[in-house]
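Since the structure comes first, as structure tokens, the remarks are kept for the end.
The values are calculated or read from the model by the stated rules, or taken from the named source; none is laboratory data. Being a predicted model, the structure only gives us computed values, none of them experimental. When we count neighbours, we look across all protein chains shown, and the Cβ atoms used for this are built from the backbone with ideal geometry, even at glycine. Remember, those area values only see protein heavy atoms, side chains included, never the ligands or the DNA or RNA. Shrake-Rupley method; radii C 1.70, N 1.55, O 1.52, S 1.80 Å.
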Amino acid sequence: MLTKSRYQSPLGAMTLLADNEKLVGIYFEDQKYFMAGFDGKEIAEQETEVLRRTIFWLDEYFAGKNPDHVHLSTAPKGTDFQKKVWAALANIPYGQTITYGDLAKQLDCKSAQAIGSAVGKNPLSILVPCHRVLGAGGKLVGYAGGLDRKQILLTLEGNDDFLRIS
């Protein structure tokens, strides 16, 4: 059974989605690929334990802390390649960044564009930190939640080492 809960973040409304005891989605409600793959599924609006833990984690994150997400069990839906990319994203340390090209090299993938596509479809916004991936030369590009949010998230983490949006 899928359950969801709304979360009002400082950057806008979010929907949190869980499947039994695992978190499957954290979405800004106006982001690209919002709840992709869950169209037509029956979803109960209900705050479960995993959703409460996610809300606590998000509260800590937006308070400027670096919360540990080890107590959050996740089960994102995606292809094997996407899951491989998302696992690599989860290893980018708080406050640090990597480029799409460097991530492609790290994963032995010939295409930074393929990496970018997988990063953009990350269903666990913020928790799986796709906002920490930058374009060549540190350019602020490619965030399903919007570049303004990406810039704010990086700044919240104490990272101003990117080329700002104009």
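List of remarks:
- Within the range 21-48, residues that are open to solvent by 60 Å² or more (accessible area, probe 1.4 Å) sit with their Cβ atoms under 7 Å from residues that are aromatic (Phe, Trp, Tyr), at 6+ positions apart or across chains, in these pairs: 34/27.
- Among (1) under 15 Å from residue 73 (Cα atoms); (2) in a loop (DSSP other than H, G, I, E, B) - the single one residue 23 does not satisfy: (2)
- Scanning the range 35-91 for residues that are over 24 Å from residue 12 (Cβ atoms) and among the small types (Gly, Ala, Ser), we see that the one that is modelled with the lowest pLDDT is 40.
- Checking 104, 112 one by one, the residue that is modelled with pLDDT under 95 and within 22 Å of residue 136 (Cα to Cα) is 112 and no other.
Results for (1) farther than 21 Å from residue 61 by Cβ; (2) within 14 Å of the chain's Cα centre (by Cα), shown as yes or no for each residue.
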{"site": "86", "(1), (2)": "no, yes"}
{"site": "92", "(1), (2)": "no, yes"}
{"site": "116", "(1), (2)": "yes, yes"}
{"site": "132", "(1), (2)": "no, yes"}
{"site": "138", "(1), (2)": "yes, no"}
{"site": "158", "(1), (2)": "no, no"}
{"site": "162", "(1), (2)": "no, no"}
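- Filtered residue count, the range 117-166, keeping only those that are within 16 Å of residue 92 (Cα to Cα), touching a helix residue (DSSP H, G or I) at 6+ places or on another chain (Cβ under 7 Å) and of a type in the set (Val, Ile, Thr): 4
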